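One structure is given here, and the rest of the page talks about it.
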Ligand code: SF4
Ligand code: SF4
C-alpha cells in the first residue's frame, strides 16, 4: 500500500496491547516522548480475550497520573483497529501527531534540558 | 493477607517536597499481591514523582528498591549500607513494614506510601474484602467458617440483629449480613445445632481491648 505516516512516530511492537504497562507509558515520557498511543485490535477481537481492554484501562490510569503531575493526560491515547486497516493506521498516526503538535512538546523534556 | 490501597500521589508529594534525595521502598509480600506496594508500584510512583519534581524545576534524586519483606529485620538490613544517603524513605509496605523500617533506621524520616486497610482476600482482580480482624481467639469452628467478628458490622456472636433483611446488613444494601451467611452455611453443613448453642462471653482482651498485643513462642525462640 506504501502509505505515508509522520516520521516522528516510533513503533514499538508488543505481542498484545495487554502487555503494555503503565510503567512503559510513564517511562516513555520520562525519556522525553511527546505522546504515546496504544494501537490494539478491535474490542472483542483480542486473541487473548481481554488484552486490549486491559490496555485501555492502563492508558486511562496513565492519563490520570500524567494529569496529576502536570503533563497533560491527553498525550496518551488508545486506538482500536483491525490488522487489515492500513489506511486507518496511517490516519491515526496523523491524528495523534496533530493532537500532540497542538499540545506542544513534553514539558518534562524541556525541564530536563533546563536542569542539565 | 494484609490489604492496602495506594495513597494519592499529591499526598506523597506533600511529604517529600523538601527532600533532595529519597528512596521508594517496596515490599514483595501482601502489598505486591494487592497491587499497591510491590516492585511495579514502586516504579510507577518513582517515575511519576521524578517527572512531577522535574516539572517544578527541582531535580530530585529518586531511587527504587523492593525488599522481600519489610517486617523482618534480615531483609531490612539489605539497605543498611545505602539508607544514610537519603533524606527520606517512602515505604510502600503495610503499616507494619513502615514502622519496622522506621525502627531500624532512626535518623531517616519514613513516610507511608499506602493506606493499610484490613486482613482480607482477593475475591477477584481489583476486589479485596475483609475476612478477619485478628481477635486473637478464633471462633470460626463454631460459625461454619464465617467470621462474625469481621463480617457482622456489630461483631455479634449469637445470631443476627433485627436489622438483617433479605440477607443484607442494615448498614448497607450492598453488604451481606454476616449472620445470614453463617446460618446458610450451618444449614448446608447440617450443623444448625451449633447455632442453638449460646456463645460464652468472648474474652476481648486478646483483641485490641487489651492494648497492643504480642505473641511469645518459647518453643521456637533460639
Ligand atoms: S474469629 Fe477472630 S481470629 Fe477468627 S477470623 Fe474472626 S476475627 Fe479472625
Ligand atoms: S444485619 Fe447482620 S451483619 Fe449487619 S449488623 Fe445485623 S447481624 Fe450483623
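Taken together, the values in this text are just the output of simple stated rules run on the coordinates, not laboratory data. Predicted model, so just to flag it, every value in this text is computed and none were measured. No Cβ is skipped: glycine too gets one built from the backbone with ideal geometry, and neighbour counts run over all protein chains shown.
The spacing between region B:108-162 and region B:14-84, judged by their C-alpha centroids, is 28 Å. Using the rule -39500 (n - 2.57) for each DSSP H run of four or more residues, divided by the residues of chain A, the 222 nm mean residue ellipticity is -15000 deg cm²/dmol. The angle separating the long axis of helix B:39-55 from the principal Cα axis of greatest extent in chain B is about 50 degrees.
Using the Cβ-Cβ distance between residue A:2 and residue A:48 with R0 = 35 Å, the FRET efficiency computed as 1/(1 + (r/R0)^6) comes to roughly 0.65. Residues considered: B:15, B:187, B:41. Largest GNM mean-square fluctuation over chain B, using C-alpha springs under 10 Å, is found at B:187. Against the main long axis of the alpha-carbon atoms of chain B, helix B:95-104 sits at an angle near 40°. Inter-part distance, region A:21-57 to region B:182-222, computed on C-alpha centroids, equals 47 Å. For peptide B:51-59, the mean count of partner chain Cβ atoms within 10 Å of a residue's Cβ comes to 6. Residues considered: B:201, B:171, B:24. Largest GNM mean-square fluctuation over chain B, using C-alpha springs under 10 Å, is found at B:201.
When DSSP beta bridges are restricted to pairs lying wholly in the protein assembly as shown, around 40% turn out antiparallel. Once you've got the GNM for chain B with C-alpha springs shorter than 10 Å, pick whichever of B:142, B:208, B:151 has the biggest mean-square fluctuation. Maximum among the listed residues: B:208. Pairwise inverse Cα distances across region B:14-161, averaged and inverted, put the Kirkwood hydrodynamic radius at 17.2 Å. Using the Kirkwood radius built from alpha carbon pairs, what does the Stokes-Einstein equation give as D for region B:1-55 at 4 °C and 1.567 mPa s, in µm² per second? Rounded to a whole number, D works out at 109 µm²/s.
Expressed to the nearest 5 percent, the antiparallel share of DSSP beta bridges inside region B:2-118 is 20 percent. Derived value for chain A: Kirkwood hydrodynamic radius 14.8 Å. Basis is the mean of 1/r over every pair of different alpha-carbon atoms.
Legend: calculated FRET efficiency, residue B:188 to residue A:84, from the Cβ-Cβ distance at R0 = 30 Å, rounded to 0.05, equals 0.05.
Based on C-alpha pairs under 8 angstrom that are at least 6 apart in sequence, chain B has a relative contact order of 17 percent.
As a rough footprinting exposure proxy, the listed residues B:52, B:75, A:48 were ranked by other beta carbons within 10 Å of their own, and the order from fewest upward is A:48, B:75, B:52.
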